[in-house]
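Quick notes on the structure that follows.
The values are calculated or read from the model by the stated rules, or taken from the named source; none is laboratory data. Just so you know, these numbers come straight off a predicted model, no measurement behind them. Positions of Cβ are backbone-derived with ideal geometry, glycine not excepted, and every protein chain shown enters the neighbour counts. Ligands, DNA and RNA are stripped out before the accessible areas are found, and what is left, the full protein with its side chains, is counted by its heavy atoms. Shrake-Rupley method; radii C 1.70, N 1.55, O 1.52, S 1.80 Å.
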There are 2 protein chains.
Amino acid sequence: MGPDSSQDAQTVSQLGEFGLIRRVTSGRGQSPGTLLGPGDDAAVLSASDGRVVATTDVLVQNVHFRLDWSTPHQVGRKAVAVNLSDIAAMGAVPTGLLVGLACSAEESTTVVDGLAAGMWEEARGVGIDLAGGDMVTSTTLTVSVTALGELEGREPVTRSGARPGDVVAVAGRLGWAAAGLAVLARGFRSPLAVVGAQRVPEPPYEAGPLAAAAGATSMIDISDGLLADLGHVAEASQVSIDVRGDQVEIPQRLIEVASALGANPQHWVLTGGEDQALAATFPAERSLPQGWTAVGTVGRGRGVTVDGADYDEQEGWQHWR
Amino acid sequence: MGPDSSQDAQTVSQLGEFGLIRRVTSGRGQSPGTLLGPGDDAAVLSASDGRVVATTDVLVQNVHFRLDWSTPHQVGRKAVAVNLSDIAAMGAVPTGLLVGLACSAEESTTVVDGLAAGMWEEARGVGIDLAGGDMVTSTTLTVSVTALGELEGREPVTRSGARPGDVVAVAGRLGWAAAGLAVLARGFRSPLAVVGAQRVPEPPYEAGPLAAAAGATSMIDISDGLLADLGHVAEASQVSIDVRGDQVEIPQRLIEVASALGANPQHWVLTGGEDQALAATFPAERSLPQGWTAVGTVGRGRGVTVDGADYDEQEGWQHWR
């Protein structure tokens, strides 16, 4: 099969596995963290302080994304972003990605090209490569991304280090993706500010290493919702967390969208996932690093409250529930 | 939900995501390569020489495995084995695994428990952990494994270093999984020697680092078939490879099975995949390390031949073909 037939191919089946891999990986150059890129049994990446941070997230069509709501390019960006956000939440910087792509033999190469281009764009935005992967046949379009990172000599910031007296702070946007989801679910395609946030998150990648360097005692990325994810920190750290309602900003844009839909914008901000913001706890005596805003305090006990009371709307989103 | 209801739960949905993760990860202890295990946004693994080897393979139900042919435990072992084999083929030793599991909310917890137990068994056999992962909903049962490893100061052995004059050698079994597949495809369940090889490969993990230490110039794991995978080495190295038919052992057991099925046992050995044997090239003046057997030579030119001639049965197995 010559290069011409590759360019004209309409389905994954016509292109074949190796043609597809060449198409996704060729002509991309190589970032400094990639010591050995695609084309071998495994990739080799830098792990300069002798440790590697590793996380994986799987996105399934019609569970985590819909191709009538998002373009393949947007799905590709999101699949990488949710993983890079996990790397940032450890206080690490990313070094490379592996991608497992499962799709039907009849899948259009346009979808695969779009996914790949979106993944490359998000990766290159932080200076890393798609260093390896696997492509297989499946009846369900599934994108499985593994992100690797390094700590640059710092200790990882886990969920379990929050201490009573710490300040709880957030970096990044809250509630925007939830507002976008509410808009899309009612059949609208605008306003783009919130719909775009649902399609492609904008995680505050730099805020993770900044928080680690500033002495954050715990950190998590907000994928299930602020209250739900703070619940994971409280449980792992065996502390309680109280969020101050008046410290959690509700953006004017979300108030407007909520008003149009008859929804509660505070609920989006407190429980909406998928913005991939970061939440962390800091010793009270430290000043917060750039991009971080205080939203509450850590106390003794267990559980998460808002202004000292249980927040009784449904918290966050759980799979299989 | 208390621990009792967890034990009695019959479907993934009843157990919930977090209950399922606890069930798969709890009580396993921690291997030395795992610096931070499951329960956080990412795992942290050892990469003591400042580099990490990383590979991912995705296994899809009814494409890569069938639960009427294999138990979930066997599928779990195989999913890990195919990844560990890639690590070995770089000359590396494994340090840890990440697992992405996609399954239906109605999937039986027995399936998930079996998969997890099989993955843990194969991982513990080489002294590593399931250090992290993701569990999501999908209509298609999909197991996505990422294996990480380290080179212990050695250079990675790629596919591209074979030189004319090198000896071609293999370690591990050839043709057994193909024979098992032929048996299963005709509705039989025995002989177990070959059916078992199809269900769970036994890759020669130690042979990879041994080959690297012995100066192997190129290496690959045989997942598509000996001739097909040597073709990848020949192409990447820009050399030709000639396999000596009389040097490739055809086990007596395979001759017997082939005779019963009216099949060609040499074809299984030369083109059968899924045994995850290793093929490598060595300088002719070196003696081969333990577990390795010479099967051919590297020459100038391109392509793979058997006794100097094209092998004209279909070579190996390609996705989407």
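Of note:
- Sorted from shortest to longest, the distances between the B:GLU249 label points of this copy and the other copies are 7.1 nm, with each point 7 Å from Cα along the line through the beta carbon.
- Of A:LEU227, A:LEU210, A:LEU141, the one that fluctuates the most in a GNM where chain A has Cα springs shorter than 10 Å: A:LEU141
- Each eigenvalue of the Cα gyration tensor of region A:191-273, multiplied by 5 and square-rooted, gives one semi-axis; in descending order these are 26, 17, 11 Å.
- For the protein assembly as shown, the Kirkwood estimate of the hydrodynamic radius, built from every pair of different alpha carbons, is 25.5 Å.
- Simple spin-label estimate for A:ALA213 and A:ALA260 gives 4.0 nm between the two label positions (7 Å along the Cα-to-Cβ direction from each Cα).
- Shortest-first distances to equivalent copies, position B:GLY153, nm, label 7 Å out along Cβ: 2.4
- Principal-axis analysis of the Cα atoms of chain B puts helix B:109-125 at an angle of about 50° to the longest axis.
- Percent accessible area from carbon and sulfur atoms, region B:88-138, protein chains only, probe 1.4 Å: 56
- For region A:179-188, 3J(HN,Hα) computed residue by residue from phi via the Karplus equation (6.51, -1.76, 1.60; θ = phi - 60°) reads 4, x, 5, 5, 5, 4, 5, 8, x, 8 Hz, glycine and proline entered as x.
- For the residues of A:84-95, the average number of beta carbons from a partner chain within 10 Å of their own beta carbon is 2.
- Cα centroids of region A:246-290 and region B:251-265: 67 Å apart.
- A 1.4 Å probe run over region B:3-150, with the rest of the protein chains in place, finds 31 Å² accessible per residue.
- Among A:220-226, A:267-273, B:82-88, B:114-120, sorting by the average number of other beta carbon atoms lying within 10 angstrom of each residue, highest first, gives B:82-88, A:220-226, A:267-273, B:114-120.
- Whole-Hz Karplus values for region B:14-21 come out as 5, 7, x, 4, 6, x, 5, 5 Hz, taken residue by residue from phi with 6.51 cos²θ - 1.76 cosθ + 1.60 and θ = phi - 60°; glycine and proline positions read x.
- Helix-only mean residue ellipticity at 222 nm for the protein assembly as shown, each DSSP H run of n ≥ 4 adding -39500 (n - 2.57), per residue, nearest 500: -10000 deg cm²/dmol
- Set of region A:152-188 residues, backbone N closer than 18 Å to the point 7 Å along the Cα-Cβ line of A:ALA294: A:162-172
- In this structure, the amide hydrogen of A:THR217, modeled 1.01 Å from its nitrogen in the peptide plane, lies closer than 5 angstrom to those of A:THR281, A:PHE282, counting only residues at least 5 positions away or on a different chain.
- Long-range amide H partners of A:ALA47 with built H, under 5 Å: B:ARG51, B:VAL52
- When the residues B:MET135, B:MET219 are ordered by accessible surface, computed with a 1.4 Å probe over the protein chains alone, the sequence from largest down reads B:MET135, B:MET219.
- By a 1.4 Å probe calculation restricted to protein chains, B:HIS73 has an accessible surface near 60 Å², given to the nearest 10.
- Between region B:194-216 and region A:21-51, the alpha-carbon center distance in angstrom: 24
- Per residue of A:130-143, other chain Cβ atoms within 10 Å of the residue Cβ number 6 on average.
- Per residue of B:292-300, other chain Cβ atoms within 10 Å of the residue Cβ number 0 on average.
- Position B:ASP113, label points 7 Å along Cα→Cβ, spacing to each other copy in nm (shortest first, one decimal): 4.9
- Accessible area of region B:216-321 divided out per residue, in Å², using a probe of 1.4 angstrom: 46
- Region A:211-228 - phi-based ³J(HN,Hα) in whole Hz, Karplus 6.51/-1.76/1.60, Gly and Pro as x: 5, 4, 5, 8, x, 3, 8, 7, 7, 8, 9, 8, 10, 9, x, 3, 5, 5
- Interface size B-A, as summed buried accessible area [1.4 Å probe, Å², nearest 100]: 5200
- Stokes-Einstein diffusion for region A:11-150 at 4 °C, viscosity 1.567 mPa s, with a Kirkwood radius from C-alpha pairs, works out to 86 µm²/s.
- Shape call, chain A: gyration tensor on alpha carbons, a/c limit 1.5: oblate
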